[in-house]
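Each reported figure results from applying straightforward, stated rules to the coordinates on display, with no laboratory input. Predicted model, so just to flag it, every value in this text is computed and none were measured. Cβ placement follows ideal geometry from the backbone for every residue including glycine, while neighbour counts extend to all protein chains displayed.
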Amino acid sequence: MQKYPRDRFDDVPRATGRVGAHRAEQPGMNGLVVLLWSAAVALVLIVCGIFVSLVMMDRISLFAGDDPTPVQTGAGVVAELDTSYRVLILNATPEEGLVAEVREKLLAEGWATGDVFGSDGSSQEFSKTTVFYVADADEGAALGLADLLGGAEVEQSDFYAALNDTDEPQLTVVIGLDRVAGNAPATETPAP
């Protein structure tokens, strides 16, 4: 056997332990800690996803300026009763039967049965009955409908425009708490 010459590595003492890279688990990584961190990250992601979804569906508004603001009716706009409009009626009160009552009133004035429809709204705390319209050209028809309903407010807003699934113009009536039997304004009786 051949003998190699001595070099500086011959004087290094040999270790008795293991040598090389080991794939052992980290001593601080406990299974319970990993599970808790994973659950916390999943919870944060779910909450963020729900919040972003609500903002995208306009259920939450991030800024106070996003709320629909009432528009003052311009001078010279004449109220006209136009039965060619579709009318969506939303009951924003806890009292039942108001949608049918308003629907019957509109049908008696000449609206087509298929053009007047409604349901209960998502809120039950809407204070004043309001007729919403989208375009400036719809303001006269909205004023006429408000007069027919007996003093409803008129407001321009595109908030309910997404509920119109046709190309026909649509007005939206939101029945407020002022139409509930206990909150209805008292009518004056003429003096004899």
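Exposure proxy ranking for 83, 130, based on other Cβ atoms within 10 angstrom of each Cβ and starting from the fewest, stands as 83, 130. Peptide packing: for 36-44, 104-112, 149-157, the average count of neighbouring Cβ atoms within 10 Å per residue gives the ranking 149-157, 104-112, 36-44, highest mean first.
Distance distribution note for the range 86-183: the fraction of Cα pairs above 22 angstrom is 20%. Our coupling estimate for the range 153-160, obtained by passing each phi through the Karplus curve with A = 6.51, B = -1.76, C = 1.60 and θ = phi - 60°, is 6, 10, 9, 8, 7, 9, 4, 9 Hz, Gly and Pro reported as x.
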